[in-house]
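In what follows, a single structure is set out as structure tokens and then discussed.
The values are calculated or read from the model by the stated rules, or taken from the named source; none is laboratory data. Just so it is clear, the structure is predicted and the values come from calculations on it, not from any experiment. Every residue, glycine among them, receives a Cβ derived from its backbone with ideal geometry; neighbour counts consider all protein chains shown. These accessible areas exclude ligands, DNA and RNA; they are computed on the full protein's heavy atoms, side chains included. Shrake-Rupley method; radii C 1.70, N 1.55, O 1.52, S 1.80 Å.
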Amino acid sequence: MAIKVGVIGTGNIGTDHVTRLASQVVGSKVVAVFDVDTARAERVGAGVGAVTRATALEVIEDPVVDAVVIASPGDLHAEQVLACIAAGKPVLCEKPLATTTADCLKVVEAEVSSGRRLIQVGFMRRYDPGYKVVKDAIDNGTIGEALLAHMVHRNAVVPDSFTSSMAMTDSVIHEIDTTRWLFGQEIVRTTVVATKPSPLAAAHLRDPQIVLLELAGGGVVTVEVFVNCQYGYDVRCEVVGSAGVVALETPGANALIRDGRRIETVPADWRVRFGATYLAELQEWISGLLAGAVAGPSTWDGYAATAVAESAVASLESGAPVPVGLVERPGLYT
Ligand code: NAD
Ligand code: ISE
């Protein structure tokens with residue numbers, strides 16, 4: 001038995017998901033794809049024996065499709081996820097769930113009305129072995145009581161179209177989800193501080209930036225986001241507890257040790273750093289569907305992360321701390 005998957009968006013990550021679902025994930029088959037770039041969709045689809053559909057809705061409503069992966073640009077996610085809920089199909093939706101809290105709430109409402117979980121949001125770090133060690137150290141009390149954390153999110157370069165607010169909505173949104181997941185608490189306030197800009201970043205971009213995330217329980221998390229660091233992809237996380245510290249540093253792909261020196265390689269980008277993590281995420285999603293369950297980061301997690309990112313964008317604009325206001329959490333997500 002295989003889950004027959006339809007994929008919407010065959011760009012960078014959509015293509016990677018298609019390849020993994022077709023050749024590495026056990027129990028899945030890619031049967032249909034769609035992208036507004038028809039040539040690209042046809043190329044990617046043909047590579048795995050999937051048909052190319054003329055619209056996203058045709059993929060979603062295709063009776064052969066059991067489940068859908070959404071890897072289109074973020075501002076299209078809400079509409080496409082809502083169509084999946086209407087069709088009763090489970091979805092793995094890439095982050096963000098939607099680009100505004102208003103749109104996220106429409107999805108929350110629709111899923112709650114459907115009476116069951118259908119959506120998993122692509123916060124893949126929860127499937128990363130390194131992050132899992134950090135989570136276990138907190139949950140098992142190995143570092144005592146978790147008090148605060150320091151996180152780093154560095155990309156080598158970004159295209160000119162990348163904006164200062166995208167650093168929050170596109171990049172830091174991963175640290176926002178990681179923080180909520182690690183601490184098991186909501187983030188109640190954000191503050192964004194600009195620092196001296198890199199001369200190598202685009203003139204319109206505030207880069208790097210420091211973000212302060214305040215937790216409901218009083219803890220604080222700092223995030224350095226620097227999307228033009230030049231040297232590679234560097235994601236770190238250090239949680240400070242009352243009895244110790246647990247740290248996740250960039251895993252070096254290889255280390256060369258000689259002549260009194262240790263030289264490590266740094267991953268080039270997120271595809272390299274998190275390659276195995278995306279595979280684990282997809283495998284758990286498919287295995288869950290085969291067992292009749294949808295788990296993983298929920299619609300609520302997607303909504304809460306977007307709400308925090310929105311508050312960070314407001315803080316970036318005003319320079320002041322901005323509270324995060326969340327609606328009451330529906331029972332479906334407790
Ligand atoms: P991309 O630009 O490479 O790909 C997006 C694709 O969507 C393009 O091929 C584009 O033609 C297509 N598209 C545009 N309009 C469409 C429509 N109406 N219907 C269907 N497809 C449409 O972008 P990407 O880097 O692959 O990012 C896609 C999504 O994945 C974003 O939401 C992004 O935030 C997310 N992402 C997540 C991670 C992660 O680490 N989890 C990494 C990269 C991207
Ligand atoms: C990208 O969309 C991702 O999600 C990557 O994981 C992140 O590192 C990058 O900053 C984003 O632009």
Original post:
Quick check: is even one residue across the range 185-197 in the same structural domain as residue 165 (by TED's automatic domain parsing), part of a loop (DSSP other than H, G, I, E, B) and hydrophobic (A, V, I, L, M, F, W, C)?
Top reply: no
Original post:
Of all the residues that make up the range 146-191, how many are under 14 Å from residue 208 (Cα atoms) and within 16 Å of ligand 1 (Cβ to nearest atom)?
Top reply: 16
**OP:** Please find, among 308, 313, 294, 322, the residue that is more than 21 Å from the chain's Cα centre (by Cα) and touching a residue at least 40 places away in the same chain (Cβ under 8 Å).
**Re:** 322
**OP:** Give the range 68-102 a look and list any residue that's in a helix (DSSP H, G or I) and within 15 Å of ligand 2 (Cβ to nearest atom), or say none.
**Re:** 74, 75, 76, 77
**OP:** Any residue in the range 117-139 that's within 16 Å of ligand 2 (Cβ to nearest atom) and of a type in the set (Phe, Trp, Tyr): show its pairings with residues that are open to solvent by 10 Å² or more (accessible area, probe 1.4 Å) and assigned to a helix (DSSP H, G or I) at Cβ separation under 6 Å, as long as the two are six or more apart or on different chains.
**Re:** 127/280
**OP:** Name the residue, out of 56, 32, 46, that is crowded, with 22+ Cβ neighbours inside 10 Å and free of Cβ contacts under 8 Å to residues at least 40 places away in the same chain.
**Re:** 32
Original post:
Looking at this structure, is residue 329 over 30 Å from residue 29 (Cα atoms), without any contact (Cβ under 8 Å) to a residue 40 or more places away in the chain, open to solvent by 60 Å² or more (accessible area, probe 1.4 Å) and in a loop (DSSP other than H, G, I, E, B)?
Top reply: yes
**OP:** From 268, 293, 280, grab the single residue that is more than 16 Å from ligand 2 (Cβ to nearest atom) and either touching a Lys or Arg at 6+ places or on another chain (Cβ under 8 Å) or of a type outside the set (Asp, Glu) (or both).
**Re:** 293
**OP:** Take the range 230-244 and flag every residue that is surrounded by fewer than 16 Cβ atoms within 10 Å (Cβ to Cβ) and touching a helix residue (DSSP H, G or I) at 6+ places or on another chain (Cβ under 9 Å).
**Re:** 244
